[in-house]
Protein chains: 4
Amino acid sequence: MLHTHQMLQTHPSPQPQALDDVGACIGALHDCAQACTSCADACLGESDIQMLARCIRLNHDCADLCTATASVLSRPSMAAPEIWASQLQACLIACRACAEECERHAPRHEHCRVCAEACRKCEQACSDVLSTIRQ
Amino acid sequence: MLHTHQMLQTHPSPQPQALDDVGACIGALHDCAQACTSCADACLGESDIQMLARCIRLNHDCADLCTATASVLSRPSMAAPEIWASQLQACLIACRACAEECERHAPRHEHCRVCAEACRKCEQACSDVLSTIRQ
Amino acid sequence: MLHTHQMLQTHPSPQPQALDDVGACIGALHDCAQACTSCADACLGESDIQMLARCIRLNHDCADLCTATASVLSRPSMAAPEIWASQLQACLIACRACAEECERHAPRHEHCRVCAEACRKCEQACSDVLSTIRQ
Amino acid sequence: MLHTHQMLQTHPSPQPQALDDVGACIGALHDCAQACTSCADACLGESDIQMLARCIRLNHDCADLCTATASVLSRPSMAAPEIWASQLQACLIACRACAEECERHAPRHEHCRVCAEACRKCEQACSDVLSTIRQ
């Protein structure tokens, strides 16, 4: 249904070996950016906002980095591999920090539980592409 | 697999009637942003770039607006309905302009054909949410 | 000190009549995006967060639209004037909504007062470019 | 004229020692994002586009990362110092790669010369904040 895989395949200079990982990672990055943006908005509707301030802040950092990383990975010509590597590393760190914070609130807030899941999946997807491009 | 629907459902103040449309629209916006970013990168690898300059420019306008619109729609508290309406309108216009240009190049470039499809789907999804919130 | 004006002037197809307005608007858009992002983060550190929830949400909507609009205006070839017009309109509406909310909190929070100022300036700058391109 | 410094100063938990560096860096990041977006659009109007394909691609990578980094730095509560450090590092690498490519085209294209200047200034500003937060 999504066009990501077709877009990567019809590129004049695709990188066949990494194609599946990159496509999956772009999907996970968008999913995580969405979850984080919604989680921040949901937190603002809870009665214990004060407790959730750090969660909201990390949600926004994570969403910003996921969105930027998705754009970079959507240019499969990969003009500078060192940009991919360092940006994936930064994004992975943001996903992990946000996941850890969301997990602390997961018992009380279902949106934090779901968001942590999206962050962990994205952390793993970034790590997978990093492994592929470092080979 | 994506967490969008769960994120919208676990929000403390969801808007049940629009939930499915909004979730589908966010997915279409991310898909379109990805397709446009990849299409621009793909166009730069073709031998007839000169012919594709306007396509690349509209790809970027469309990707920027889809990304921003996806963020706004990911805050389902909808703090200001007038922002949703005007931004969906602007995004729909960008999707249409980009689709029209991509369709002109579709016979020669498969990535333009796929991208046009993603743009048309997103134009429709924006139009659907617009109809819902105007009710 | 900023390079915006030089970048617009050295473009192979600049639009001389609108150059100063567009340059000033891009500056105002970045300034407003920055102010809104900082204001949201500052609000999360206040003891009356609950009262500031709508302010934080509009801060984020406004920041997202200002950033996207700045990108579109930074492509002075203006591939589709209808995209400029509708996006400037949407951005102006977000700036106004965010300014109105920030102004309500300005007596108690200095960051809301400063942010409202940045939003109003940006609303005006969007309006100026709109007038120019509609001529 | 810009409100960045006031926004950082009126934050309930500012970090006085880094305030000037962070404010200057946010300005340099927005300036660089703008220059890169305009440079890519300008390159598409030149007769030797083919030669400029890599420049356009790096322009977009650099603009995306500068925009995201500016957002993260605009949250001076600095929820996770490790996100600041890794993202500044990734952004610095993108600025350097884009500057190097733009410098190759500077003799022929004035917009590439100006853009390289903005990238180098931003690379330095990221490096300055990195030094400050590592102390």
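Of everything listed in (1) without any contact (Cβ under 8 Å) to a residue 24 or more places away in the chain; (2) within 19 Å of B:ARG54 (Cβ to Cβ); (3) more than 20 Å from the chain's Cα centre (by Cα), the single unmet condition for D:GLN6 is (2). From the list D:SER77, D:SER71, D:SER47, the one residue that fits, being surrounded by 24 or more Cβ atoms within 10 Å (Cβ to Cβ) and either within 28 Å of A:ASN59 (Cβ to Cβ) or facing another protein chain (nearest Cβ under 10 Å) (or both), is D:SER71.
Listed conditions (1) among the hydrophobic types (A, V, I, L, M, F, W, C); (2) within 14 Å of chain C (Cβ to nearest Cβ); (3) closer than 22 Å to A:ALA40 by Cβ are all met by B:ALA40, apart from (3). Within the stretch D:79-116, how many residues turn out to be more than 20 Å from A:PRO81 (Cα to Cα) and in contact (Cβ under 8 Å) with a residue 24 or more places away in the chain? The total comes to 9. If we keep just the residues of the stretch C:59-68 that are among the aliphatic types (A, V, I, L, M) and within 7 Å of another protein chain (Cβ to nearest Cβ), which is nearest to D:HIS111 (Cα to Cα)? Looking at the filtered set, the residue picked out is C:ALA68. Screening C:ALA79 with (1) out of contact with any Ser or Thr (no Cβ under 9 Å at 6 or more places or on another chain); (2) part of a helix (DSSP H, G or I); (3) among the small types (Gly, Ala, Ser) gives one miss only, at (2). Could you tell me whether any residue of the stretch D:67-81 is polar (S, T, N, Q) and more than 25 Å from D:GLY23 (Cβ to Cβ)? No, that holds for no residue. Evaluating B:ASP31 against the criteria (1) more than 9 Å from chain C (Cβ to nearest Cβ); (2) without any contact (Cβ under 8 Å) to a residue 60 or more places away in the chain; (3) buried (at least 24 other Cβ atoms within 10 Å of the Cβ) leaves one unmet condition, (2).
Selection of the stretch B:80-100 for residues being closer than 22 Å to B:ARG54 by Cα, at the interface with chain C (Cβ under 8 Å from one of its Cβ atoms) and buried (at least 20 other Cβ atoms within 10 Å of the Cβ) yields B:ALA90, B:ILE93, B:ALA94, B:ALA97.
The criterion of being closer than 30 Å to D:LEU19 by Cβ, buried (at least 24 other Cβ atoms within 10 Å of the Cβ), more than 15 Å from the chain's Cα centre (by Cα) and not polar (S, T, N, Q) does not hold for D:ILE133. Within the stretch A:101-132, if we keep just the residues that are among the aliphatic types (A, V, I, L, M), more than 30 Å from B:ALA40 (Cα to Cα) and part of a helix (DSSP H, G or I), the residue that is nearest to the other protein chains (Cβ to nearest Cβ) turns out to be A:VAL114.
Bear in mind that the values in this text are calculations on the coordinates, not laboratory data. It should be emphasised that the depicted structure is a prediction, and the values quoted were computed from it without experimental measurement. With ideal geometry, Cβ positions are generated from the backbone for all residues, glycine too; neighbour counts draw on all protein chains shown.
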